[in-house]
Amino acid sequence: MQKLTIKRPDDWHLHLRDGEMLKAVLPHTAQDFGRAIIMPNLVPPVTTTKMAEAYQARIMAAVPQGMDFTPLMVLYLTEDTDPADVRAGFESGLITAVKLYPAGATTNSASGVRTMENVMPVLEVMAEIGMPLCVHGEVTDSDIDIFDREAVFIDRVLDPLGVRLPNLRVVFEHITTKQAVDYVSQASRALAATITTHHLMINRNAYLAGGIKPHYYCLPVAKRESHRKALVAAATSGDPRFFLGTDSAPHTEPNKLQACGCAGIFTAPNTMGCLAQLFEEAQALDKLEGFTSLHGPAFYKLPVNDAEMTLVRSDDPVRYPETIETADGPVMVFDPLCPIHWKPVTGA
Ligand code: DOR
Ligand code: ZN
């Protein structure tokens with residue numbers, strides 16, 4: 001196949017940041033994606049409907065003229081979150097979901113949740129009104145090996161939460177393990193999972209073999225090849241519980257390249273080309289539209305985008321920019337470590 005037309009994709013997990021970085025990275029998402037779930041881990045985090053409203057306005061001001069993009073706003077859950085504010089934000093249509101960061105799990109997660117019991121009143125309201133909870137699914141205990149943190153989270157947090165609140169709609173975000181794929185595939189509750197571009201394309205060798213490669217460091221960390229294969233099988237299966245959340249997370253070069261570098265991979269500019277390549281190799285190009293454009297809206301109970309995207313395959317590999325410039329410094333674009341032959345030709 002040389003050409004593929006699909007409904008315009010959405011990104012169900014995206015970091016846009018703020019200020020100059022927001023202005024520089026947003027066009028790369030708006031070019032290919034109609035909507036995105038906007039992560040609230042700013043400094044300070046987006047914890048109230050009022051803060052989300054102001055952030056939404058800053059995002060809309062950064063959308064280039066002529067591009068069609070809708071940010072779906074998310075509240076950062078803390079142990080002080082007011083259930084009434086969450087209810088009002090959701091019912092007004094301004095807020096789409098709430099994000100659970102276990103405290104200390106990742107970038108700017110210090111204000112996250114330490115004790116699940118303390119956020120139960122918020123989660124109970126969410127279960128009642130049908131509001132999705134996006135979950136960073138890793139335990140943070142220092143005695144748990146970093147490669148096991150996702151699997152342990154399933155046993156210690158995700159499964160008990162489903163027993164306690166079976167009606168709560170949960171998105172297990174950026175899954176990286178076969179255990180997560182199996183758990184979501186077999187779940188009878190309203191549970192879905194997002195998978196990132198990079199976790200579909202790289203395994204842990206990318207950042208550890210042949211020298212330390214900070215540009216492949218993200219959280220959760222990429223696991224061994226057998227886990228990547230399980231993720232590819234899930235993404236290309238057509239199962240509507242799995243959909244794209246890029247977790248595109250820009251950091252400047254100085255912030256990546258230091259003794260204690262930031263976690264995050266910037267995939268917005270080349271995600272759709274990478275995914276078309278991957279789905280083609282898995283002989284599943286017919287499943288790409290479901291993964292990028294249909295399953296997410298179905299879970300979030302939103303309409304599918306009207307617009308379409310056409311991807312074209314060329315015999316010669318396609319070139320994507322290696323870095324983008326921002327006023328804060330250059331940001332490296334994800335290098336998938338293999339030739340990419342696909343490129344979207346129509347975006348917005
Ligand atoms: O790699 C990551 N980067 N994982 C996260 O959970 C957060 C993100 C960021 O904000 O940079
Ligand atoms: Zn993220």
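Table for the structure above
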| read-out | value |
| --- | --- |
| For H15: the one exception among (1) more than 21 Å from L302 (Cβ to Cβ); (2) open to solvent by less than 50 Å² (accessible area, probe 1.4 Å); (3) within 14 Å of ligand 1 (Cβ to nearest atom) | (1) |
| Residue within region 132-143 that is part of a helix (DSSP H, G or I), under 23 Å from the mean Cα position of the chain (by Cα) and more than 16 Å from ligand 1 (Cβ to nearest atom) present | no |
| Spans of helices (runs of 4 or more DSSP H) in region 11-115 with at least 2 residues at positive phi, modelled with pLDDT of 95 or more and within 16 Å of ligand 2 (Cβ to nearest atom) | none |
| Which listed residue, of A268, A276, A282, is within 16 Å of ligand 1 (Cβ to nearest atom) and not β-branched (V, I, T) | A268 |
| Some residue of region 309-329 being under 20 Å from D68 (Cα atoms) and either open to solvent by 50 Å² or more (accessible area, probe 1.4 Å) or without any contact (Cβ under 8 Å) to a residue 60 or more places away in the chain (or both) | no |
| Counted residues, region 145-178 - those being within 16 Å of ligand 2 (Cβ to nearest atom), out of contact with any Pro (no Cβ under 9 Å at 6 or more places or on another chain) and not charged (D, E, K, R) | 1 |
| Given (1) under 25 Å from I38 (Cα atoms); (2) away from ligand 1 (no atom under 16 Å from the Cβ); (3) assigned to a loop (DSSP other than H, G, I, E, B); (4) of a type in the set (A, V, I, L, M, F, W, C), number of the condition V318 does not satisfy | (1) |
| Only listed residue being assigned to a loop (DSSP other than H, G, I, E, B), within 26 Å of R149 (Cβ to Cβ) and touching a helix residue (DSSP H, G or I) at 6+ places or on another chain (Cβ under 6 Å), chosen from P250, P240, P269 | P250 |
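The values are calculated or read from the model by the stated rules, or taken from the named source; none is laboratory data. No experiment lies behind these values; they were computed from the predicted model shown. Cβ atoms come from the backbone with ideal geometry, glycine included; neighbour counts cover every protein chain shown. The accessibility values were calculated without ligands, DNA or RNA, using every heavy atom of the protein model including side chains. Shrake-Rupley method; radii C 1.70, N 1.55, O 1.52, S 1.80 Å.
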